[in-house]
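What follows is a short report on a single structure.
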Amino acid sequence: VQLQASGGGLVQPGGSLRLSCATSTDIFSRNSVAWYRRPPGNVRQWVARISTTGGTMYNDYARARFTIFRDNAKNTVYLQMDNLKPEDTAVYYCNLVSGPFLPWGQGTLVTVSS
C-alpha cells in the first residue's frame, strides 16, 4: 500500500493549505488515520487523527486551526490548515494511528514564511 501525500507548498503566515493523502486501497476506511509532521531538526509528531466513525482529535497546536476529514469513497484523508504559522513548517505525512504502520512515503513539505 502506498501513501501519497500532496498539497504542500510555500504560504505566508496566516495563510491556508489543504493537504491530501490518498491510497490505492480501502485501508483508510477500515482504520483510524492520522496526520503527522516532522519539523526541521525535530522528530516526527502527530498532528490530528480521525477514527473510522469520524471522531477527531488534535494536538494542542493544531486545535482550532486545523481540520482533519476523510472521504472513504476516494480513499483519501485531508488536513485543512488555516492561520498557518512559521512553526508549522514541516514535512507532513499521513499514516495509520497505530502500528504496524504503512510505508511512510515522501510526505509533503509545508513552508510557512513571509
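Table for the structure above
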{"read-out": "Filtered residue count, the range 1-22, keeping only those that are among the aliphatic types (A, V, I, L, M), part of a loop (DSSP other than H, G, I, E, B) and open to solvent by less than 70 Å² (accessible area, probe 1.4 Å)", "value": "1"}
{"read-out": "Hey, Trp104 touching a Lys or Arg at 6+ places or on another chain (Cβ under 9 Å), in contact (Cβ under 8 Å) with a residue 60 or more places away in the chain, open to solvent by 30 Å² or more (accessible area, probe 1.4 Å) and of a type in the set (A, V, I, L, M, F, W, C) or not", "value": "yes"}
{"read-out": "Single residue of the range 81-96 satisfying the filter (among the hydrophobic types (A, V, I, L, M, F, W, C) and open to solvent by less than 10 Å² (accessible area, probe 1.4 Å)) that is modelled with the lowest pLDDT", "value": "Cys94"}
{"read-out": "Matching option when the condition is over 14 Å from the mean Cα position of the chain (by Cα) and within 21 Å of Ser113 (Cβ to Cβ), among Val11, Val1, Val43", "value": "Val11"}
{"read-out": "Whichever residue in the range 23-63 is in contact (Cβ under 8 Å) with a residue 40 or more places away in the chain and of a type in the set (Val, Ile, Thr) and, among such residues, is most open to solvent (accessible area, probe 1.4 Å)", "value": "Thr25"}
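The values are calculated or read from the model by the stated rules, or taken from the named source; none is laboratory data. Keep in mind that this is a model prediction, so the values were computed, not measured. Ideal geometry is used to build each Cβ from the backbone, glycine not excepted, and the neighbour counts take in all protein chains shown. We work out accessible area using only protein heavy atoms, side chains counted, and drop any ligands, DNA or RNA first. Shrake-Rupley method; radii C 1.70, N 1.55, O 1.52, S 1.80 Å.
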